[in-house]
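Only the coordinates and a few stated rules stand behind these numbers; no lab work does. Nothing here was measured: the structure is a model prediction, and the numbers come from that model. Reconstructed Cβ throughout: ideal geometry from the backbone, glycine too, with neighbour counts over all protein chains shown.
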Amino acid sequence: MLEEAGIECSVYGGVSIAGHAGFFFRENDDVDAFVRDYAFEHAKAILKEVSKRHGLRFDPHEARVETEKPKVNVRTARGKELFSIIPVYLDEGSVVFKYEAGSEKYLPNILERVARHISEYSFFTPRSEFIKEIFLNHMNARGSKMKKKKYQLDAKHILTPDELRERRWVLDNM
């Protein structure tokens with residue numbers, strides 16, 4: 001829907017790791033995506049209309065201060081998150097992602113998109129090295145999440161055995 005409206009959208013998170021792996025190796029509860037900041041309001045309007053048309057909950061989070069991230073969630077009527085989108089910003093030659101715990105900067109070529117196809121699904125992600133970098137930054141900021149099986153599965157599919165050993169991440173037998 002966003003692509004059809006001319007908005008370039010890139011998936012990140014668990015679905016992008018599945019795209020990198022070439023198959024869905026675990027259930028993904030939702031899809032996380034980003035758009036350029038100048039397209040965010042347009043994307044928001046589209047998601048609001050689609051949510052209304054399909055009986056979904058449109059749940060925008062407005063940034064109250066510069067360090068907060070704006071975000072839009074589309075949820076089921078019961079509140080389960082299905083899709084979320086955030087804007088990313090170009091700043092002095094870097095692409096900035098804003099999160100609750102701060103911001104992360106990436107090289108501008110994180111905006112280069114790779115077409116991924118799994119079964120009947122097609123979507124765009126950043127290149128594989130950026131999928132890995134985003135994952136590592138997320139885990140480094142929220143290390144306790146590595147105890148969860150879904151993140152261990154993600155690590156197994158995005159990191160090499162040497163990278164796992166370097167980080168001393170012990171994965172449960174899966």
Can you sort 62, 120, 133 by how many other beta carbons sit within 10 Å, fewest first?
120, 62, 133
Two-site label geometry, residue 99 and residue 81: point separation in nm, points 7 Å out along Cα→Cβ
1.2 nm
Quick one: putting +1 on the C-beta of Lys and Arg, -1 on the C-beta of Asp and Glu, what dipole do you get for the chain around its Cα centre, in Debye to the nearest 20?
740 debye
Principal axis dimensions, largest first and in whole angstrom, of the chain by Cα:
45, 38, 29
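Could you order peptides 138-151, 23-36 by the average number of other Cβ atoms within 10 Å of their residues, highest first? Could the numbers behind the result be given before it?
Values: 138-151: 13.4, 23-36: 16.7.
Top of the packing list down: 23-36, 138-151.
Under a Cβ-only charge scheme (Lys and Arg +1, Asp and Glu -1), can you give me the dipole magnitude of the stretch 18-94 about the Cα centre, in debye to the nearest 20?
Details: 13 positive and 14 negative charges, 106 e Å.
That gives the stretch 18-94 a dipole magnitude of about 520 debye.
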Take the alpha carbon atoms of the stretch 1-58, find their center, do the same for the stretch 83-139, and report the distance between the two centers in whole angstrom.
12 Å
Counting DSSP beta bridges with both ends in the stretch 1-100, the antiparallel % (nearest 5):
75 percent
Set of lysines with alpha-carbon distance to residue 69 below 16 Å, sequence-local pairs under 8 removed:
44, 98, 105
Taking the chain and counting helices only, DSSP H stretches of n ≥ 4 at -39,500 (n - 2.57) each over all residues, the nearest-500 ellipticity at 222 nm comes to -9500 deg cm²/dmol
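Going by a ≥ b ≥ c, the root eigenvalues of the Cα gyration tensor, does the stretch 78-117 fall in the rounded group (a/c under 1.5), the prolate group (a/b larger than b/c) or the oblate group? Before the final figure, lay out each step's value.
Working: a/c = 3.40, a/b = 1.34, b/c = 2.54.
Taking the square roots of the gyration eigenvalues as a ≥ b ≥ c, the stretch 78-117 is oblate.
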For the chain, longest principal axis from Cα atoms; helix 149-158 axis from its Cα atoms; angle between them, nearest 10 degrees, is 80 degrees
Which order do the peptides 77-88, 9-20, 121-132 take when ranked by the mean count of other beta-carbon atoms within 10 Å per residue, highest first?
9-20, 121-132, 77-88
Quick one: give the max-minus-min coordinate of the C-alpha atoms of the stretch 1-76 along each principal axis, largest first, in Å.
36, 32, 24
Rounded to whole Hz, the Karplus (6.51, -1.76, 1.60) HN-Hα couplings of the stretch 37-52, x for glycine and proline:
4, 5, 9, 4, 5, 5, 4, 4, 4, 5, 5, 5, 5, 5, 4, 4
What aspartates and glutamates could a cross-link reach from residue 149, if we take a straight Cα to Cα line under 12 Å and drop same-chain neighbours fewer than 8 places away?
27, 172
